[in-house]
Amino acid sequence: MAEIDLSGKLIALEGLDFTGKSSLAPRIAARIRAAGYTVVTSREPGGTPVGERAREILLSHDQDGLLPLSELLLFMVSRAEHTHKVIIPALGAGETVVTSRYRLSSLAYQGYGRGIDLDLIRTLNDAATGGRKADITFLIDVPVEIVLSRRGADLDRIEQEGIEFYERVRSGYLELASGDPSVEVIDGTLPLDRVSEEIARRLSV
């Protein structure tokens, strides 16, 4: 496999909840760092003080009646802060950024999951990010039945959604991936170490 120069590159990890993204991010970052790169890890929603406040609202059961459009706009608030205050400065310094969730999440969750117009989400994504897209996105794909079996008792507002919602989101992710060559689908049913190794292999690290 040809070597990939990861300097100034944005790598996004996507997928349903409970697919291992938050555990994979530091592992992937460590492999990239060992290859000689400076790496920043982050997440959405979150990544900045404003983003973390938005995250609290988005995931809180106090907001169980939150409108889908309001949910989308809160994600965009977090994304704008995250992109312009964390991602773009790091990439400009030649660093590699590994983020758990980015633009694709809103299309899958708020678009396919909540039924919001995809073109509206794309427009808001462009506005929030200044048009910055991930250079490489790894979609950690796990069947919904397995995802639901991994859930514990302490679920946030979005994690508590039912099988129909998650089926729509997963279908959306796979449809989006099929039309975007920058998105690579990874079998998330494999052990975490195997998933990490496969991503590292594809990144040539």
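See the values below:
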quantity	calculated
Residue-span extension gain [residue 184 to residue 153] - 0.36 nm each, minus C-alpha spacing	8.0 nm
Debye, to nearest 20: dipole size of the chain, +1 on Lys, Arg Cβ, -1 on Asp, Glu Cβ	580
Gyration tensor (alpha-carbon) shape descriptor, region 10-53, a/c threshold 1.5	oblate
Whole-angstrom Cα spans of region 106-145 along principal axes, big to small	36, 26, 11
Residue-averaged [θ]222 nm for the chain, counting only DSSP H segments that reach four residues, each worth -39500 (n - 2.57)	-13500 deg cm²/dmol
Top of 51, 20, 94 by mean-square fluctuation, Gaussian network on the chain, Cα under 10 Å	94
In region 24-88, the GluC sites (Glu not before Pro) that fall in loop regions by DSSP, at most 13 other Cβ within 10 Å	none
Inter-label distance, nm, simple model (7 Å from Cα along the C-beta direction), residue 193/residue 117	5.0
Anisotropy class of region 111-205 from Cα gyration tensor, a/c 1.5 cut	oblate
Label assignment, Kirkwood radius over Cα pairs in Å derived from the structure, set (i) 18.5; (ii) 20.2; (iii) 17.1	(iii)
Most mobile listed residue (15, 111, 131) in the chain, GNM with C-alpha springs under 10 Å	131
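Laboratory data are not the source of any read-out in this text; all were calculated from the coordinates shown. Just so we're clear, the structure is a prediction, and the values are computed from it rather than from any experiment. Backbone-built Cβ (ideal geometry, glycine too); neighbour counts: all protein chains shown.
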